[in-house]
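Data block below; observations after.
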Amino acid sequence: MSFIEVRDIHKNYRRREVLRGASFYAEHGECIGIVGANGCGKSTLLGILSGSSKAESGHIFYDNHDAMKERGTFLRYTGFVPQDNPLLSHLSVYDNLRFWYCETGRRIDDDMAGGILSRFGLDAYRSYDVSKLSGGMKRRLALARALLAVSDAVALDEPFTGLDEENRRRAVLCVAAAAETKPVILVTHDRTELNLLRANIVNL
């Protein structure tokens, strides 16, 4: 069995079916690019993969654990970056990292936090409240939080939106490094990014 197995996922919104049997597999060291027309359910699928949304039917397995039956599996295995800002604005950059991993039952140390923040050019801002960061900096922090080594898989919804050229390149490199060792599930409209990440394409 693959590390992630998505089997026949269906989801309805207001009596309209937005996912019609989505299925794919992902191994460690594999990047999956979810593509399709607007409104086809790409973001919805990532929400289901992260546990923030529920499917009508189907199964999702993480390392042989049926996440649809064991809801804690989503939090234990997946780092998630939604399109909307997932950060806590009243907390500092560092405390956002620490709070997230307290929620997963894991602990983050200063060296681990400093390493990932440096890779995203944010180490000098670790004591700043998130409310004082620019939109691009918040996006980079959300990515840093999701890509910390303690997560076993990563789901990213348009992760590079709002980043300038230099920081987009930095972020793509960080995601590519993560995809060498863990499954990365990615939604983006940019085929160049998918090519750089050597993503296997799943069409919805």
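Inclusion of residue 2 among residues that are under 24 Å from residue 163 (Cβ atoms) and at pLDDT below 95 is not warranted. Criterion first (of a type in the set (Val, Ile, Thr), open to solvent by less than 60 Å² (accessible area, probe 1.4 Å), touching a residue at least 12 places away in the same chain (Cβ under 8 Å) and farther than 16 Å from residue 182 by Cα) does residue 48 satisfy it? Yes: the conditions hold for residue 48. The residue that is most open to solvent (accessible area, probe 1.4 Å), among those in region 52-71 that are part of a strand (DSSP E or B) and either under 20 Å from residue 137 (Cα atoms) or in contact with a helix residue (DSSP H, G or I) (Cβ under 8 Å, 6 or more places away or on another chain) (or both), is 65. Criterion applied to 202, 187, 130 was being more than 27 Å from residue 3 (Cβ to Cβ), in contact with a strand residue (DSSP E or B) (Cβ under 9 Å, 6 or more places away or on another chain) and at pLDDT 95 or above, and the one residue passing it is 130. If the condition is being crowded, with 19+ Cβ neighbours inside 10 Å and within 16 Å of the chain's Cα centre (by Cα), then region 22-40 contributes 26, 30, 31, 32, 33, 34.
Looking only at region 119-134, residues that are open to solvent by less than 60 Å² (accessible area, probe 1.4 Å), in contact with a Leu (Cβ under 9 Å, 6 or more places away or on another chain) and not charged (D, E, K, R) come to 4 in all.
For residue 116, indicate whether it is open to solvent by less than 20 Å² (accessible area, probe 1.4 Å), outside any loop (DSSP other than H, G, I, E, B) and on the phi < 0 side of the Ramachandran plot. Here the answer is yes, as residue 116 does meet what is asked.
Condition first: closer than 19 Å to residue 69 by Cβ and open to solvent by 60 Å² or more (accessible area, probe 1.4 Å). Now tell me which residues in region 1-21 satisfy that. Within region 1-21, 1, 7, 8 meet the criteria. Across region 53-83, what is the total count of residues that are within 12 Å of the chain's Cα centre (by Cα) and free of Cβ contacts under 8 Å to residues at least 40 places away in the same chain? The total comes to 2. Of the residues making up region 146-167, those that are crowded, with 18+ Cβ neighbours inside 10 Å, more than 12 Å from residue 119 (Cα to Cα) and either touching a residue at least 60 places away in the same chain (Cβ under 8 Å) or of a type in the set (Lys, Arg) (or both) are 146, 151, 153, 154, 155, 156, 157, 158, 159.
Residues that are among the hydroxyl-bearing types (Ser, Thr, Tyr), at pLDDT below 90 and surrounded by fewer than 19 Cβ atoms within 10 Å (Cβ to Cβ) within region 72-100 comprise just one, 73.
The values are calculated or read from the model by the stated rules, or taken from the named source; none is laboratory data. What you see is a predicted model, and the numbers here were worked out from it, not measured in a lab. Using ideal geometry, Cβ is built from the backbone for each residue, glycine included, and neighbour counts are taken over all protein chains shown. Areas reflect the complete protein model, heavy atoms only, side chains present, ligands, DNA and RNA absent. Shrake-Rupley method; radii C 1.70, N 1.55, O 1.52, S 1.80 Å.
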